[in-house]
Structure formats: structure tokens, C-alpha cells
1. Could you give the size of the charge dipole of region 3-102 about its Cα centre, using +1 on the Cβ of each K and R and -1 on the Cβ of each D and E, expressed in debye and rounded to the nearest 20?
2. Would you mind counting up the charge near Asn11? Only other residues with Cβ under 14 Å from its Cβ, with Lys and Arg at +1 and Asp and Glu at -1.
3. Multiply the residue separation of Met126 and Arg5 by 0.36 nm, subtract the distance between their alpha-carbon atoms, and state the gained length in nm to one decimal.
4. Apply the a/c threshold of 1.5 to the C-alpha gyration tensor of region 81-131 and tell me whether it is rounded, prolate or oblate.
5. Please list, by residue number, everything in region 98-113 whose backbone N is under 17 Å from a paramagnetic label point 7 Å out along Cα→Cβ of Glu65.
6. Given the options Val20, Val31, Val118, state which has the largest fluctuation in a GNM of the chain using a 10 Å cut-off (strictly under) for Cα springs.
7. Restricting to lysines 8 or more places apart or on different chains, can you count the pairs in the chain with Cα atoms under 24 Å from each other?
8. Going by amide H atoms built from the backbone, whose H comes under 5 Å of the H on Arg107, apart from near neighbours?
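The numbers here are math on the coordinates, done by the rules we state, and not lab data. Computed from a prediction, not measured in an experiment: that's the story for all the values here. In this analysis, Cβ positions are derived from the backbone assuming ideal geometry, glycine residues included, and neighbour counts consider all displayed protein chains.
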Amino acid sequence: MIELREITPDNHLEVRALSVFPEQQHLVATVDKSLADGFVWKDVLLRAAYHGNIAVGFVCVFPFEEKGRCRVNVLRLLIDSRHQGQGLGRALLGATLKWVESLSPDRIRISTLPENEVALSLYKSMGFVESGIEDGEIALYLDC
């Protein structure tokens, strides 16, 4: 089970230590980059993913309004390299979807680079529908 927690002075160093395998680093921005983005873009929401009392992942979402409707873009989602292969990516995406339900979105967007077949398969298995290439990434949408 994954619990999403706010990033605070008490846990930020633990969260900042999360990273993916070197061969995956071109697929997702670092936690430090995401934290910096969260500082600049005030509407970005950041959460650490905990499995028990261990930080295992990170998620960054951006809620926004478009034509009077609430949309949520899942910008970044990662599971630390030490915890991959345990089903935690699926659990993190599930916890993220449950969390953003409180924002009452009409639509949720997530994207990945075309070569990230693992992420693409996960997103589709969770109900996201591929929409095509947007800004060089495969965009997928989930209507709520």
C-alpha cells in the first residue's frame, strides 16, 4: 500500500535521495528538478510516496482549469530504483488517482516518452487512453 505525504523539512532529504536507475534518467526529471518546479509554479502539487515508513517514490501533478473544467496533468511519477519491480508503480498511480479525485477533475492527463514501454503499459492498464504525440511524448487521457 502506498501513502502520499507532503514534502516537509522533516522528510525532504529522504525524498530528494529518490532516483531511478541510470538508464532511466532520461525518462523522468529528478526529484530536485520537480521540487524547483514546484517552487516556481505555485499550483504544482508534490507528494512523496511511502510504503510503510520508507519513501519509495514521488509524484508531481498540476491541476488547472480549461474552458471551465478542472483538468489534472500528472507531470512526474517515479519509483526509486531500490523499490522497482514490486508493483509499487501501479500502487503509486492508483494512490495518485485517488488523491486527485478530491480536485473533481473532468480529465486526467499523463505522458511518457515513446521508448518507455513499461510506463505506457502501466498507464493503459489503469484505464488511460493513448491520444497521440504531444510535445514529443505519448499523451494519454483518463476521463473522470
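1. 240 debye
2. So the surrounding residues net to -2.
3. Value of the extension gain: 41.4 nm.
4. Oblate shape, in that a/c is at least 1.5 and b/c is the bigger or equal ratio.
5. 103-107
6. Of Val20, Val31, Val118, the most mobile in the Gaussian network model is Val118.
7. Close lysine pairs found across the chain: 5.
8. Sorted by chain and number, the residues that satisfy this are Val72, Cys144.
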